[in-house]
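The values are calculated or read from the model by the stated rules, or taken from the named source; none is laboratory data. All values derive from a computational prediction rather than experimental measurement. Ideal geometry is used to build each Cβ from the backbone, glycine not excepted, and the neighbour counts take in all protein chains shown. Quick note on the areas: whole protein, heavy atoms, side chains included, nothing else; ligands and nucleic acids left out. Shrake-Rupley method; radii C 1.70, N 1.55, O 1.52, S 1.80 Å.
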Amino acid sequence: TIADVATAAGVSVPTVSRILNGKEYVAEETRQRVHEAIQALGYAPHTQARRLRGGASMTLALHYPIESPHELSSVLETPYITGAAAAASEKEYFLNFLMSQLTPDSLLTMYRSNQIDGLILLQVRMDDWRINLLRQQPYPFIMIGRCADLDGLSFIDLDFELAMRQAFDYLVQLGHRDIGFLTYPEDWRIRGIGPAVRSLDGYRQALNEYGVHSCYREIGLNSVEEGFEATLDLLQENPNLTAIVTVRHLTAAGSIKALAQQGRSVPGDCSVMAVGFGGNLASVVTPSLTTLEWSPYEISYEATLLMTETLAAQQPLTKQLLVPPQLVVRESTQ
């Protein structure tokens, strides 16, 4: 027990407790003696007991609302989960991953019943009922994403508007003027889901800046075939396309397949680039994909650290971070 450690080290129980909790103002010699006693006795702090005494669950929740668990692999990048889990573990928090469609009552009950200390929200909508509810409560939360009204809220999000402008900057500099765009599903835009709304806004900003013709489709994200069919549709609308931008690497693979069927080479006759996450897919597609990309692992990791920082401060912290994409030029553009 902690009392055994204190006796072996010749210090008080509160001193051992301060050292275990990483508190300052303990002499280094005392700290070393306590650690030697811990090692000699094989003492392990009872984390759950410490949680109960502190009145906190030491549990965070990552909420991604989806209609069916079968959708999970097609709409959410696994690194979002692993990044949050790694950061939570470092700070000695448990992490629950929630996929259910919560109700206002069930959401508040998680806090009030001490099931969670903080909530990390994914799939944030421009007008999100979860945020509207929680900003009226004393319960801490962080967004991976952005709603429309950000006053007093903390978030980390991908800069989708900037990504679209950078994609067009890059392609226009290469000489392209007829550029197609395959973006998020129409249903996402109608429901106000941030990436769909903001990517389309960025696309329209790029159109206005360069005075180029609008040519886009809102499609599903789940398969190469959706990109294939949508690309054929774009080519029917504008046979003179010389570049296509997609928001998923799978969609880009479908575009390359459709262009090949039409006897058009990539990048000789048409350049293709993807904006978003794709892991190793960008390198294994032939030709390898030029991308504007982010790391979902790092974003989720940093959001979770921000959540634990807020909890440690025991007061609201307002931190807002937009993450720019990184341009990686590969073989699919020229």
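Annotations for the structure displayed:
- Against the conditions (1) of a type outside the set (S, T, N, Q); (2) touching an Asp or Glu at 6+ places or on another chain (Cβ under 8 Å); (3) on the phi < 0 side of the Ramachandran plot; (4) at pLDDT below 95, residue 201 satisfies every one except (4).
- Only residues that are without any contact (Cβ under 8 Å) to a residue 40 or more places away in the chain and within 17 Å of residue 195 (Cα to Cα) were counted across region 144-153, and they come to 2.
- Residue 220 being free of Cβ contacts under 8 Å to residues at least 40 places away in the same chain and either buried (at least 16 other Cβ atoms within 10 Å of the Cβ) or part of a loop (DSSP other than H, G, I, E, B) (or both): yes
- Criterion (open to solvent by less than 50 Å² (accessible area, probe 1.4 Å) and touching a strand residue (DSSP E or B) at 6+ places or on another chain (Cβ under 6 Å)) met by exactly one of 296, 267, 325: 325
- Close Cβ contacts (under 6 Å, 6 or more residues apart or on different chains) running from residues in region 241-260 that are polar (S, T, N, Q) to residues that are in a helix (DSSP H, G or I) comprise 246/252; 251/227; 255/227; 255/231.
- Matching residues in region 26-37 - criterion: being free of Cβ contacts under 8 Å to residues at least 24 places away in the same chain and either hydrophobic (A, V, I, L, M, F, W, C) or under 21 Å from residue 91 (Cα atoms) (or both): 26, 27, 31, 35
- Residue match in region 40-60 (condition: modelled with pLDDT of 90 or more, closer than 30 Å to residue 295 by Cβ and part of a loop (DSSP other than H, G, I, E, B)): yes
- Just one of the listed residues (96, 114) is open to solvent by 40 Å² or more (accessible area, probe 1.4 Å), out of contact with any Asp or Glu (no Cβ under 7 Å at 6 or more places or on another chain), assigned to a loop (DSSP other than H, G, I, E, B) and in contact (Cβ under 8 Å) with a residue 24 or more places away in the chain, and it is 114.
- Selection of region 120-140 for residues being in contact (Cβ under 8 Å) with a residue 40 or more places away in the chain and either open to solvent by 10 Å² or more (accessible area, probe 1.4 Å) or touching a Lys or Arg at 6+ places or on another chain (Cβ under 8 Å) (or both) yields 121, 123, 124, 125, 126, 127, 140.
- Residue pairs meeting the criteria (Cβ under 7 Å; at least 6 apart or on separate chains; first closer than 15 Å to residue 148 by Cα and open to solvent by 10 Å² or more (accessible area, probe 1.4 Å), in region 187-209; second among the aromatic types (Phe, Trp, Tyr) and in a helix (DSSP H, G or I)): 195/160; 198/160
- Unmet criterion (only one of (1) open to solvent by 40 Å² or more (accessible area, probe 1.4 Å); (2) touching a strand residue (DSSP E or B) at 6+ places or on another chain (Cβ under 8 Å); (3) part of a loop (DSSP other than H, G, I, E, B)) for residue 318: (2)
- Selection count, region 160-171, where residues are open to solvent by 30 Å² or more (accessible area, probe 1.4 Å) and in contact (Cβ under 8 Å) with a residue 40 or more places away in the chain: 4
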